[in-house]
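Q: The structure that follows is given in the form of structure tokens.
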Amino acid sequence: MNCNIIKDLLPSYVDGICSEDTVKAIEEHIQHCEECKQTLKRMQQQTDDVQAIPEEVKKAITPFKKINKKRRIQVIGAIVMTFIITIIGAWVIQDVGAVNQIFFPMRIAVVVVDSADGMEEWERIIFSDKEQRRNDKDYLIYNSVFWNKEITNHANNESDILLRIKDENGNVIVNELLVSPGTSVQLDNLKNNEKYYFEIKTTQGRFHITAT
């Protein structure tokens, strides 16, 4: 069998798809033919290089896979921690009165006007804590930035109220400000960290007032 035929058969020989007779003929030939033997070596070397590429690629990719896996773990951990902190924060704000009063300050008052001529006299408003219904005070101090500085006349109240506000020295800061049931008035002109005394004038009845 001449060299040209052997060279044509070598690719099939390298791939292992030749018959036994063909394999025997090729191997007998390359024992005596140096040129065909070298051609076979080159083919086998190329095949080994091609097969080695995926392994080299896998080795190169492995560190990046570890990095990506570590990054995924960090992201998942951050999400879980954020969720836990959010839940705890919401629970603290909603259920712990002291914290609630810091971030959502509110004072409530119930004013009872017994006299039929209530519109002729000013009634001092006594405020208490929203949650504890104690710590009664006849003044307000806006001691944090979280105060809205609003006074609300509850919707269930029977009539309008007139609101008067005095400072610590007894000076009238706001005089006869009308507040209808279910509405609020903004008191942006009041300063922080100063005492203010609130009074109302209204008809006979029971009135719920909220300061926020």
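Q: Compute the length gained on full extension between residue 173 and residue 137: take 0.36 nm times their separation in residues and subtract their Cα-Cα distance, giving the result in nm to one decimal. Numbers along the way, then the final one.
A: On the way: separation 36, 0.36 × 36 = 12.96 nm, distance 1.89 nm.
Result for the pair: 11.1 nm of gain on full extension.
Q: Let's test this: bin the Cα-Cα distances of region 106-211 at 10 Å from zero up to the farthest pair and state each bin's percent.
A: Cα pair-distance distribution for region 106-211, in percent: 15, 51, 31, 3.
Just so you know, all these numbers are worked out from the coordinates, no wet-lab data involved. Keep in mind the model is a prediction, meaning the values are calculated, not measured.
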